[in-house]
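Written below as structure tokens is the structure these notes are about.
The values are calculated or read from the model by the stated rules, or taken from the named source; none is laboratory data. Bear in mind the structure is a predicted one, so any value in this text is a computation, not a measurement. We place every Cβ from the backbone using ideal geometry, glycine too, and count neighbours over all the protein chains shown.
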């Protein structure tokens, strides 16, 4: 308990969608230890980004939430004024699309140094010097010149480096990285990911890394959590998740990856389409797409149960263990 | 930036030439005979007509007359008023001060009230926003001549707070005389500016980069000032510019309602009395003001939005 740095307890979020409140996150609980990186994997609409927004207190207007988010022992929902600003400085967000998330009419320098100048009383010159040195760390050598430029003068990859450098300027303890490489082209993705991973490790920061790439999450995160329809369905160490998936959905994701070292075979796909939390069927949210479904799965919703150092939300987890991957391959 | 300015100025000159041609040919084609207007019902002898035609160059080909007129206009000479037998440029310069004051006053009201209402409506959802929507819907639906009549009857006749007619003497008195006309002129434009401001504020508030600023702990007021208002200023500037430019033409109605001696009221009077040189001169001045104000807005636009000037220099 005491080693949890960020802890989510039964977080449920409902959003007003076309006139009614609909559940987008259901009973999400997990924790991140100091210096630990946790991956959050799932399809579009599974609630990954909403989880990060719930942590960062960036839920859209009209959202209703229950459950608790604890950061360094404090209830995030109760933070106000200076405590909230301190929290914002310690929790930095790297957004998916840097071009949309940086004000286009202000300079890179304004963007980078704004938090330092506004909330930390750092002088413009000192903040700029710090920004230049961080730009150098993310591989941008001519930082002084970049500070004068506007976002439209930089490529997407450069902008995402700027975003990462900016996130690190206030020396945060937790990074919320919301698909930081998805908007970039493939060649710059690996560079940006490597920089993010290296800087995080150097500084001993915790990270919640959101991606739909199970492989990538495994490469940079100690543990990986899988989301489906607004719920966590499995959460384990990255290597265990990869080699020995416990939930049929995870097994489906693992089976749907192309292998770089084997023969080219037809990739197995999970039948059906992803569900949002409010579209999920009664009982297990995955029951309408699962090949292992039994009556129990329709009758009652499984809880997230601890199993083998992780946890899984499946009635048949123990029974199906080890057989899931062949099932997925044939299914 | 310099390239942008030069390009824009060239466009301005071309626009003015096209406009001057349109104005001149419209007047040329308009029904009515200037000689008949000049003589006021008397039957002229053929010799008299020939003399007048010679003096006013009425027998020259259209293009020659146009070029002579444009050449004069470039030097500030718009010809002579048939009615008053005075230089049109003198007649315009005697009256344009009133119009400029009226338009500036109305613009100030439009910017202050319109932008303020728009910001309130944009930032506050619920009751205040609904009040803004209802108020702007009403004011948008009131044409300036109706606004003039209502203001005159309520504030000038019944309450007696403001004078009903004329321009007044000295700054304070002039301000008092121009208040009702300026409000009448501003009335429906306030709604337009408020609506545009409201939707621009709404749109900017929902932008991702605003979320970024919030996530970094920038206080809400600062976020609104530095990111929402700063970015919303771009569409607001555009609509204010166009509105202000069009006020010069729209002021004709209000000037007439309040018996102000401006170029708008004079334009109507000249048109009614077929004083073609005056109509042409005032029309050209109004178009020129419109075009120049628009050019200024474009320059402001380039200053406010760094992406604009880049586009121009790349082109």
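Scan segment A:71-98 for residues that are crowded, with 17+ Cβ neighbours inside 10 Å, more than 9 Å from chain B (Cβ to nearest Cβ) and assigned to a strand (DSSP E or B) and report the count.
Selection size over segment A:71-98: 2.
May I ask you to say which residue of A:225, A:277 is touching a strand residue (DSSP E or B) at 6+ places or on another chain (Cβ under 7 Å), under 29 Å from residue A:172 (Cα atoms) and either outside the structural domain of residue A:309 (by TED's automatic domain parsing) or surrounded by 24 or more Cβ atoms within 10 Å (Cβ to Cβ) (or both)?
Of the residues listed, the single one that is touching a strand residue (DSSP E or B) at 6+ places or on another chain (Cβ under 7 Å), under 29 Å from residue A:172 (Cα atoms) and either outside the structural domain of residue A:309 (by TED's automatic domain parsing) or surrounded by 24 or more Cβ atoms within 10 Å (Cβ to Cβ) (or both) is A:225.
Would you call residue B:112 buried (at least 16 other Cβ atoms within 10 Å of the Cβ), closer than 30 Å to residue B:201 by Cα and modelled with pLDDT of 90 or more?
Against the criterion (buried (at least 16 other Cβ atoms within 10 Å of the Cβ), closer than 30 Å to residue B:201 by Cα and modelled with pLDDT of 90 or more), residue B:112 does not qualify.
For segment A:107-199, which helices (runs of 4 or more DSSP H) that fit wholly inside it have 3 or more residues that are away from chain B (no Cβ under 14 Å)?
Output list reads A:124-137, A:143-148, A:156-169.
In segment B:205-229, what residues are touching a residue at least 24 places away in the same chain (Cβ under 8 Å) and either outside the structural domain of residue B:112 (by TED's automatic domain parsing) or surrounded by fewer than 23 Cβ atoms within 10 Å (Cβ to Cβ) (or both)?
Scanning segment B:205-229 gives B:205, B:207, B:224, B:229.
Criterion first (within 14 Å of another protein chain (Cβ to nearest Cβ) and either assigned to a helix (DSSP H, G or I) or touching a strand residue (DSSP E or B) at 6+ places or on another chain (Cβ under 8 Å) (or both)) does residue B:177 satisfy it?
Considered against the rule, which asks whether it is within 14 Å of another protein chain (Cβ to nearest Cβ) and either assigned to a helix (DSSP H, G or I) or touching a strand residue (DSSP E or B) at 6+ places or on another chain (Cβ under 8 Å) (or both), residue B:177 comes out as no.
Of (1) modelled with pLDDT of 90 or more; (2) closer than 30 Å to residue A:151 by Cα; (3) touching a helix residue (DSSP H, G or I) at 6+ places or on another chain (Cβ under 7 Å), residue A:50 satisfies all except one. Which?
Checking residue A:50 against (1) modelled with pLDDT of 90 or more; (2) closer than 30 Å to residue A:151 by Cα; (3) touching a helix residue (DSSP H, G or I) at 6+ places or on another chain (Cβ under 7 Å), the one that fails is (3).
Report whether or not residue B:166 is assigned to a loop (DSSP other than H, G, I, E, B) and either within 14 Å of chain A (Cβ to nearest Cβ) or within 30 Å of residue A:120 (Cβ to Cβ) (or both).
no
Go through (1) within 14 Å of chain A (Cβ to nearest Cβ); (2) over 25 Å from the mean Cα position of the chain (by Cα) for residue B:200 and report which single condition fails.
Every listed condition holds for residue B:200 apart from (2).
When you look at residue B:252, is it in contact with a strand residue (DSSP E or B) (Cβ under 9 Å, 6 or more places away or on another chain) and farther than 23 Å from residue B:5 by Cβ, yes or no?
no
Of the conditions (1) within 14 Å of chain B (Cβ to nearest Cβ); (2) out of contact with any strand residue (DSSP E or B) (no Cβ under 6 Å at 6 or more places or on another chain), residue A:19 clears all except one; give me its number.
(1)
Do we have any residue at all in segment B:296-309 that's in a helix (DSSP H, G or I), farther than 29 Å from residue B:116 by Cβ and over 22 Å from the mean Cα position of the chain (by Cα)?
Taking every residue of segment B:296-309 in turn, at least one turns out to be in a helix (DSSP H, G or I), farther than 29 Å from residue B:116 by Cβ and over 22 Å from the mean Cα position of the chain (by Cα).
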